[in-house]
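The structure appears below as structure tokens.
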């Protein structure tokens, strides 16, 4: 404290009265003695002791009069001395200022005596009369010639130097301007080249002095529409760069993969990279493609979210949907450089065509959705209401899914019918199957006022329908299966409508709408079986007749005992009974015949199987040399 | 439903340029429109009940009050609008089957036939458009009026209109192009008159004269630019405000081309006196 001894000019006021705010004090204590946590009774006592022995300055201050140390008197002396020195300095300064004032006043009193008199000191007034001092301008002595010459030389030198630097600056700016003009020409040439290629070049709305090129799609969702505009900036050498702001430059593509089981069996083709990656044209194209792809994926995810009930799942960067058992389609957005053939994708190329077709299809559908947006936008708008108009999800996944699902069902049904056909053929029965897959698509249909392209795409947005019809063995009977797939409006999914024309069994009606494949299969096989039974009962042994045998009269006549179980009975004139069981499945047709003695009361046949038990099975591979069904019937019909 | 409007007059020489500007602004091609507009005037049918008003003794039911209000309310002119195509004009001349020796083979030139099909008044679709006089005393700088539209039966419209208490006054044709900008309908149009007004006929025309003979009402051939926006609920101040904000936005955007402004209220008066 003694080092920074400062001197109060005024007598000391009572500082104690100023109330020290508590927080300041606490902070002070903390700083001085450390945390309160360290304060213990002992330490405090020790401190008090120490304070007492030290006799601090605070005590001194408080009991100023009581302490009469030597130190204090010395200090007081020093204090008074310094105070005296300060007052002395102050007096001196005052005196000098007064002298200066008197001098100036005296000087001015020549011209303005009244005002000057006011600021004069009394002593001066006594001593010197007013206006006794004057001043005048004194011409300096003329400079020597050499000096003037020097000045002239110096100034000329300066001027020369300035001229030189100005010339250098002008030259500099001329070259800079030239370079600038060259690069500007370069820039504008490139802009013109871009414009001549047909791109829309315009001013940027935010940055009025910059040029931009519009490559996006006007009908896209607003975020992607606004991204379709990038600034055309000039580098220092005048070449054009495409400034897309914060959007990364990477090219991205929606990749379609087909997965069967755990293997990737097909991947959509990589977009061919443009040959010169550096040209502005290719960069604009790449930006356009990327914005399209990103919008596509955005819309795919948006649509996938509402399709959760139909098995579509989304991950952060993946949309997947099942096609059929064990087969899935995966859609993801990948960087172009990442699309290099991976070990994963190279496993098989079985479904590469499918994947490629899907990739094209979703893009066409997005373009179609854009056209629909334009159509909607240019319609007369409905009146304003507080309710916001929502843009519906585009139909991208739904038509694709419907198509895949439908074609898988159609192929299954076709193979089923083909199997049956082959079995029947091998059994010598001709059955007429006709299939018209995707009969609902008619690409020639012209819709009034709709461009051809849109009409074409629109066809694929309606529910799909395929019709299978068959002319059965007996002349009048036929059946028709309509397969219908619908993913936009309920009823969702694929269902089969089977309609049958069996005059023999007018009561037999299939269920209205069947959704499951095995049910459809059993319904169809059942009808074919019923039809075969009808054919057998109606056969009358004609083929035998044709084969030239004489005993036509002794042919048995079969009657359908339990047609739904495939059982036939024939009663011969001798009272012997023959029973035949026909069973049909997708893989084979089996006819078993044996004689029975009679029918017991319950209707059960008490079969005596040992004697004439004959059976025949026809398979779809059609073993040559087999009897045909009718021949076999004729054979067993013989008594 | 309410309609908010701004108008501007467009001289003929500016028309083409403005079409292009609007096409750029709205990012769509203009949609050409030709409309027949028939004006009908409401009249009070004689013999209607004119109940006394103000007698507090007979308390009128709500329904009755409403009916009275409807029957004794103001009378208005209304328009019946039917859109036509340019091929309909003067069509009767081209299709007159004057002694053409070669009867057209059926089915061979269906496209051409489609184009030359005569204008059929019987199958002309119509729409009734009612517009109230613009609201008075609104501080906002747009024209606001009550509006309603309804589709009418096809064909001869005078009979049903007469039955509803409207008589045919006159008709004209509006020709123009429509643009849509979000919720705003921009209609750049002009009014065309039929060539010679035969004073005797008090019926809508059954055939249209050739289009070249139509004369614009405004002799200089200038157009009217009308920007309108419809609001479902005119009582919703919020919506009305939004709608007029949209219109003002458009006015700002078109400021360098045309000056959109409010129309004189009395010039859009549809009341029948």
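General observations
- The order of the peptides B:18-25, B:141-148, A:310-317 by mean Cβ neighbours within 10 Å, most packed first, is B:141-148, B:18-25, A:310-317.
- Extension gain, residue A:519-residue A:153: 0.36 nm per intervening residue step, less the Cα-Cα distance, totals 120.0 nm.
- On the basis of the beta-carbon distance and an R0 of 51 Å, residue A:270 and residue B:120 show a calculated FRET efficiency of 0.30.
- Highest mean packing first, where packing is the average number of other Cβ atoms within 10 Å per residue, the peptides A:502-514, B:32-44 line up as B:32-44, A:502-514.
- A Förster radius of 25 Å combined with the Cβ-Cβ distance from residue B:248 to residue A:391 puts the calculated FRET efficiency at roughly 0.45.
- Shielding score for A:373-382, defined as the mean number of other chain Cβ atoms within 10 Å: 4
- FRET efficiency estimate (nearest 0.05) - Cβ-Cβ, residue A:305 to residue B:13, R0 35 angstrom: 0.05
- Shape of region A:396-518, Cα gyration tensor, a/c cut at 1.5: prolate
- Across peptide A:384-392, the average count of Cβ atoms from other chains found within 10 Å of a residue's Cβ is 3.
- Each label point was placed 7 Å from the Cα along the Cα-to-Cβ direction; for residue A:86 and residue A:164 their separation is 6.1 nm.
- For region A:454-493, the gyration tensor built on C-alpha atoms gives an oblate shape. Its axis ratio a/c (a ≥ b ≥ c) is at least 1.5, and a/b is not larger than b/c.
- Taking a ≥ b ≥ c as the square roots of the eigenvalues of the Cα gyration tensor, region A:124-168 is prolate, since a/c reaches 1.5 or more and a/b is larger than b/c.
- Computed lengthening from residue A:52 to residue A:492, 0.36 nm per intervening residue step minus Cα-Cα distance: 148.6 nm
- Pairwise label distance in nanometres, residue A:127 with residue B:238, each label 7 Å out on the Cα-Cβ vector: 9.2 nm
- Those residues of region B:129-164 whose amide nitrogen sits under 16 Å from the label point placed on residue B:43, 7 Å along Cα→Cβ: B:158-164
- Distance in nm between pseudo-label sites at residue A:586 and residue B:265 (7 Å out along the Cβ direction from Cα): 8.0 nm
- Gained length - residue A:434 relative to residue A:172, 0.36 nm times residue gap less alpha-carbon distance: 85.6 nm
All of the numbers you see were taken from the coordinates with simple rules; none came from a lab. For clarity, every value in this text was computed on a predicted model and none was experimentally measured. Methodologically, a virtual Cβ is constructed for each residue, glycine included, from the backbone with ideal geometry; neighbour enumeration extends over all protein chains shown.
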